[in-house]
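Since the structure comes first, as structure tokens, the remarks are kept for the end.
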Amino acid sequence: MKRNKFIQLLNPVKKGEKLRSILKLKCPRCQEGDLFVVKNPYRLKTVDDMPHYCPVCGEDFQREVGFYYGAMMISHASTTVIAVIVHGIVFYFYGWALAPNLIPITIIILGLFPVIFRTSRAIWINMFSKYDPDAIKNKIIHEKNLEKRKS
Ligand SMILES: [Zn+2]
């Protein structure tokens with residue numbers, strides 16, 4: 001019992017909840033497979049590298065060409081919220097002075113860009129995909145993978 005409570009503290013979001021998939025950048029269907037190939041978002045060359053299908057349950061991460069354009073709207077909205085918060089704090093000390101407002105906003109938004117980028121994609125795909133507790137048991141096998149097996 002004590003051990004379970006400790007794990008819950010480390011992992012407050014239960015399996016099956018969308019927030020878990022978003023925060024941990026996991027597949028929305030099985031919540032086991034990683035959404036991104038390289039875990040570290042600050043390796044900028046691989047920031048947008050996603051497997052075509054979930055390696056664990058076979059969920060389609062690409063869906064269609066341009067699927068993640070919608071994630072840009074989420075990214076835009078979260079960037080705006082961050083800018084407003086930072087401005088609110090700076091405004092308290094410096095008012096409307098330009099440099100004290102622009103510099104921290106620019107640094108914070110550029111610094112958080114890889115995290116915002118990935119989280120936005122995770123939110124976007126979670127809007128179209130539901131958690132399925134039997135996802136791993138009912139793994140989707142794609143035609144492309146079948147062709148590979150035959151040859
Ligand atoms: Zn999956």
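The rows are residues; the columns are (1) β-branched (Val, Ile, Thr); (2) more than 18 Å from the chain's Cα centre (by Cα).
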{"position": "Glu59", "(1), (2)": "no, no"}
{"position": "Val65", "(1), (2)": "yes, yes"}
{"position": "Tyr69", "(1), (2)": "no, no"}
{"position": "Met72", "(1), (2)": "no, no"}
{"position": "Ser75", "(1), (2)": "no, no"}
{"position": "Val86", "(1), (2)": "yes, yes"}
{"position": "Phe91", "(1), (2)": "no, yes"}
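Gln62 versus (1) assigned to a loop (DSSP other than H, G, I, E, B); (2) farther than 14 Å from Trp124 by Cα: which is the lone unmet condition?
(2) is the only condition that Gln62 fails.
Output the residues belonging to the stretch 52-78 that are in contact with a Ser or Thr (Cβ under 7 Å, 6 or more places away or on another chain) and within 16 Å of the ligand (Cβ to nearest atom).
Hit for the stretch 52-78 is Glu59, nothing else.
Just to be sure before I move on: is Ile89 more than 16 Å from the ligand (Cβ to nearest atom), in a helix (DSSP H, G or I) and under 21 Å from Val115 (Cα atoms) in the structure I sent?
no
Does Val37 satisfy being closer than 26 Å to Glu143 by Cα, in contact with a Cys (Cβ under 9 Å, 6 or more places away or on another chain) and within 16 Å of the ligand (Cβ to nearest atom)?
So Val37 fails the test.
Is there a residue in the stretch 32-48 that is out of contact with any Asp or Glu (no Cβ under 6 Å at 6 or more places or on another chain), in a helix (DSSP H, G or I) and hydroxyl-bearing (Ser, Thr, Tyr)?
So far as the stretch 32-48 goes, yes, one or more of its residues are out of contact with any Asp or Glu (no Cβ under 6 Å at 6 or more places or on another chain), in a helix (DSSP H, G or I) and hydroxyl-bearing (Ser, Thr, Tyr).
From the residues in the stretch 125-151 that are assigned to a helix (DSSP H, G or I) and away from the ligand (no atom under 16 Å from the Cβ), which one is modelled with the highest pLDDT?
Glu143
Pairs please, first residue from the stretch 48-59 and under 13 Å from Ile141 (Cβ atoms) and touching a residue at least 40 places away in the same chain (Cβ under 8 Å), second anywhere and more than 12 Å from the ligand (Cβ to nearest atom) and assigned to a loop (DSSP other than H, G, I, E, B), Cβ atoms under 7 Å, 6+ apart in sequence or on different chains.
Going by the 7 Å Cβ cut-off, the qualifying pairs are Tyr53/His142; Gly58/Ile141; Gly58/His142.
Would you pick out the residues in the stretch 22-31 that are part of a loop (DSSP other than H, G, I, E, B) and near the ligand (Cβ under 8 Å from one of its atoms)?
Cys27, Pro28, Arg29, Cys30, Gln31 - these are the residues of the stretch 22-31 that are part of a loop (DSSP other than H, G, I, E, B) and near the ligand (Cβ under 8 Å from one of its atoms).
Could you say which residue among Leu35, Leu44, Leu98 is of a type in the set (A, V, I, L, M) and closer than 15 Å to Ile123 by Cα?
Residue meeting the stated conditions: Leu35.
The values are calculated or read from the model by the stated rules, or taken from the named source; none is laboratory data. As the structure is a prediction and not an experimental result, all values here were calculated from the model. For neighbour counting, all protein chains shown are included, and Cβ atoms are generated from backbone atoms with ideal geometry for every residue, glycine included.
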